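S.K.: Just dropping this structure here.
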Ligand SMILES: Cc1ncc(COP(=O)(O)O)c(C=O)c1O
């Protein structure tokens with residue numbers, strides 16, 4: 001039986017109560033909308049992308065503790081990183097959250113993001129955690145279309 | 001002299017423990033706790049007679065219907081057609097020919113939109129629905145309006161979750177070609193005053209299509225009394241199998257409507273030059289249906305009738321009142337849908353806590369509720385929320401389960417607050 005404490009770790013609860021970078025960066029030049037078809041939650045992720053570097057990043061919207069914390073941790077981690085690093089981390093996180101693979105050599109370290117790993121034990125909640133990452137992926141690709149968790 | 005059959009003798013109390021024994025699924029533990037199943041508006045659990053009917057068909061009577069001249073085919077056809085009589089009696093319909101088997105409420109509403117709707121609605125006309133409809137009573141009409149160049153008009157609701165009567169009357173215009181309305185709201189629990197609504201529409205020659213998905217399990221329904229033109233429901237929300245439902249239609253309409261889907265069973269004769277259609281209701285039942293499901297639906301409806309719909313409704317109403325009181329007493333909890341006339345559907349939001357988190361944490365305590373928009377996104381928007389938690393009751397729920405829900409919600413607040 002999965003334990004709820006694995007899912008709602010203190011770090012997650014903290015990022016839910018006080019989401020980081022919960023704003024539109026003043027010079028944002030990329031944005032994408034994510035939509036969770038299961039619950040109707042929407043988030044908007046903003047990037048201030050300069051010369052392949054994420055100079056600033058933020059998000060807005062209302063979601064559950066898991067999706068809010070996931071988005072918050074994402075922005076905290078990626079500020080100042082390159083688009084290529086962000087893309088690699090997207091793939092790593094996607095694998096982690098959907099529980100499909102063990103990390104291979106040379107993949108990015110998880111650090112704090114490890115706190116989200118408990119979600120793989122809760123199949124109904126995986127999409128809450130992946131929403132921000134799919135939205136990031138769309139924003140990096142410069143896609144204006146809304147991404148949904150059904151895709 | 002005191003007599004045992006004294007007419008003043010009160011009805012025996014509703015024996016919920018006896019009812020629970022009929023439902024094997026209720027006997028299980030979930031995450032180490034006894035299951036508290038409060039997601040009945042999504043689907044109900046199934047009693048033994050329904051499970052036995054499904055099994056009986058596949059074990060003994062498995063044959064196609066209306067076409068097999070052999071013993072098994074006869075048995076299957078007889079059991080299948082028996083359900084039509086049970087459904088007729090259950091809905092108080094005038095004739096078994098007015099009972100069409102469908103895949104569920106959604107299929108029934110689409111059938112009406114694609115046949116009756118198509119023949120009635122034209123360019124510049126209006127189709128009237130309400131703000132509390134399930135997506136399955138919105139989208140088929142939207143599709144029809146798009147196809148025909150018609151307009152979809154919507155009756156608004158007040159904060160309690162009731163239709164605004166003056167607005168309803170205002171929107172019954174000379175251009176309104178039909179009104180589609182839910183009997184009971186799946187997200188709010190509101191019971192609409194259908195008889196008055198039908199009377200108001202009929203006074204203007206406007207036919208009324210009713211989505212009965214959330215009503216039939218919770219109150220006695222008589223289409224003869226309501227005088228509605230169509231009434232659709234799903235078997236699975238009234239103790240029956242999934243994938244099967246009933247559409248009642250007044251025979252004067254059914255006779256005039258074109259068929260919906262083409263195929264076997266709905267025809268009288270076919271040649272490449274043309275086809276003559278079978279009579280009502282078979283005209284609307286193309287292809288091999290969910291035979292086992294229809295047969296088991298009779299067991300479900302008979303079970304509901306045996307429970308005594310009025311007694312079950314009384315029991316559920318007591319639970320609803322208790323749940324509303326307990327939930328409202330928890331600081332930060334807001335109930336959505338507070339109409340005086342409502343069934344046991346309790347939609348609520350907890351300040352600062354998302355319904356998804358509520359569901360996951362209640363599930364850890366064995367309590368099943370629904371979180372989401374309940375296929376009623378326009379309604380959620382009306383209340384300014386993306387989603388709610390929803391506890392929905394059935395006749396087998398108990399006071400202890402309501403107490404467990406209230407304690408669970410209080411605990412969720414502590415964990416995440
Ligand atoms: C009010 C209402 N109408 C229609 C439906 C659709 O029922 P089904 O999915 O069984 O076709 C539902 C079920 O969720 C409902 O609650």
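What follows draws every value from the coordinates through simple rules; no lab data is involved. All figures in this text were calculated on a predicted structure; none of them were measured in a lab. No Cβ is skipped: glycine too gets one built from the backbone with ideal geometry, and neighbour counts run over all protein chains shown.
S.K.: How well do other chains shield peptide B:379-388, expressed as the mean number of their Cβ atoms within 10 Å of each residue Cβ?
M.R.: 2
S.K.: I've got another one for you. Contact order normalised by length for chain B, with contacts defined as Cα pairs under 8 Å and 6 or more residues apart; what percent is it?
M.R.: So the answer I get is 22 percent.
S.K.: Over all residues in B:356-366, what is the mean tally of Cβ atoms on other chains that come within 10 Å of each residue's Cβ?
M.R.: Mean inter-chain Cβ contacts per residue within 10 Å come to 5.
S.K.: Related question: Work the Kirkwood hydrodynamic radius out for the range B:50-306: mean of 1/r over every pair of different alpha-carbon atoms, inverted, in Å.
M.R.: Values: mean 1/r = 0.0532 Å⁻¹.
For the range B:50-306, the Kirkwood estimate is 18.8 Å.
S.K.: Now for a separate question. Over the range B:65-183, what per residue volume does the convex hull of the Cα atoms give, in whole Å³?
M.R.: Per residue, the Cα convex hull of the range B:65-183 comes to 140 Å³.
S.K.: Another question about this same structure. With label points built 7 Å along Cα→Cβ from the Cα atoms of residue B:154 and residue B:242, find their separation and express it in nm.
M.R.: So the label points at residue B:154 and residue B:242 sit 2.9 nm apart.
S.K.: Could you check which residue among B:252, B:74, B:133 shows the biggest mean-square fluctuation in a GNM of chain B with a 10 Å Cα cutoff?
M.R.: Greatest mean-square fluctuation among the candidates belongs to B:252.
S.K.: When chain B is modelled as a GNM with alpha-carbon springs shorter than 10 Å, which of B:50, B:343, B:221 fluctuates the most?
M.R.: B:221
S.K.: So, one more: Over the Cα atoms of the range B:97-161, each weighted equally, I'd like the Debye log10 I(q)/I(0) at q = 0.26, 0.27 Å⁻¹, rounded to two decimals.
M.R.: -1.10, -1.14
S.K.: Further question on the same structure: State, to one decimal in nm, how far the label point of residue A:53 lies from the label point of residue A:9, with both points 7 Å from Cα in the Cβ direction.
M.R.: Reported label-point gap for residue A:53 and residue A:9 is 3.0 nm.
S.K.: Averaging over every viewing direction, what projected area does the convex hull of the Cα atoms of the range A:1-129 cover, in nm²?
M.R.: Answer in nm², one decimal: 7.9.
S.K.: Right, next: In peptide B:220-232, how many Cβ atoms from other protein chains are near each Cβ within 10 Å, on average?
M.R.: Mean partner shielding for this stretch: 0.
S.K.: Related question: Got a sec? How would B:257, B:415, B:132 order by Cβ neighbour count within 10 Å, fewest to most?
M.R.: Listing B:257, B:415, B:132 from fewest to most nearby Cβ atoms yields B:415, B:257, B:132.
S.K.: I need to check one value: relative contact order of the range A:4-142, counting alpha carbon pairs closer than 8 Å and at least 6 residues apart, in percent.
M.R.: Reported as a whole number, the value is 29 percent.
S.K.: Now a separate question. I'd like the orientation of helix A:65-78 relative to chain A: the angle between its Cα long axis and the longest Cα principal axis, in ° from 0 to 90, rounded to 10.
M.R.: Here the helix axis deviates by roughly 50 degrees.
S.K.: Tell me what chain A gives for mean residue ellipticity at 222 nm when only DSSP H runs of n ≥ 4 count, each as -39,500 (n - 2.57), the sum divided by the residue total, rounded to 500 deg cm²/dmol.
M.R.: Calculated from helices alone, the mean residue ellipticity at 222 nm is -11500 deg cm²/dmol.
S.K.: Calculate, in nm to one decimal, what residue B:255 and residue B:272 gain on full extension: separation in residues at 0.36 nm each, minus their alpha carbon distance. It would help to have the intermediate numbers written out before the result.
M.R.: Numbers: separation 17, 0.36 × 17 = 6.12 nm, distance 2.41 nm.
Value of the extension gain: 3.7 nm.
S.K.: Something else about it: Please identify, among B:47, B:258, B:140, the residue showing maximal mean-square fluctuation in a Gaussian network model of chain B using a 10 angstrom Cα cutoff.
M.R.: Comparing B:47, B:258, B:140 in the GNM, the peak value goes to B:258.
S.K.: Between the range B:403-417 and the range B:158-172, what is the separation of their alpha carbon centroids in Å?
M.R.: 35
S.K.: Helix A:126-140: angle to the longest alpha-carbon principal axis of chain A, degrees 0 to 90, nearest 10?
M.R.: Taking the Cα atoms of chain A, the angle to A:126-140 is about 20 degrees.
S.K.: With a 10 Å Cβ neighbour count serving as the proxy for reagent exposure, in which order, fewest first, do A:53, B:350 appear?
M.R.: A:53, B:350
S.K.: What list do you get for B:190, A:124 if you sort them by fewest beta carbons within 10 Å?
M.R.: Details: B:190 27, A:124 13.
Listed from fewest to most nearby Cβ atoms, that is A:124, B:190.
S.K.: Any idea what the relative contact order of the range B:199-336 is, in percent, if you count C-alpha pairs under 8 Å spaced at least 6 apart?
M.R.: Relative contact order for the range B:199-336 comes out at 20 percent.
S.K.: Can you check how the C-alpha radius of gyration of the protein assembly as shown compares to 2.2 N^0.38 Å, as a plain ratio?
M.R.: Normalised Rg, Cα atoms only: 1.08.
S.K.: Okay, moving on. With the crude spin-label approximation of a point 7 Å out along Cα→Cβ, what separation in nm comes out for residue B:398 versus residue B:18?
M.R.: 1.6
S.K.: Next question, about the same structure. State the Cα centre-to-centre distance between the range A:65-81 and the range B:180-232 in whole Å.
M.R.: What the calculation gives is 48 Å, centre to centre.
S.K.: Given the peptides A:63-76, B:381-394, arrange them by the average over their residues of other C-beta atoms within 10 Å, most packed first.
M.R.: Result, highest mean Cβ count within 10 Å first: A:63-76, B:381-394.
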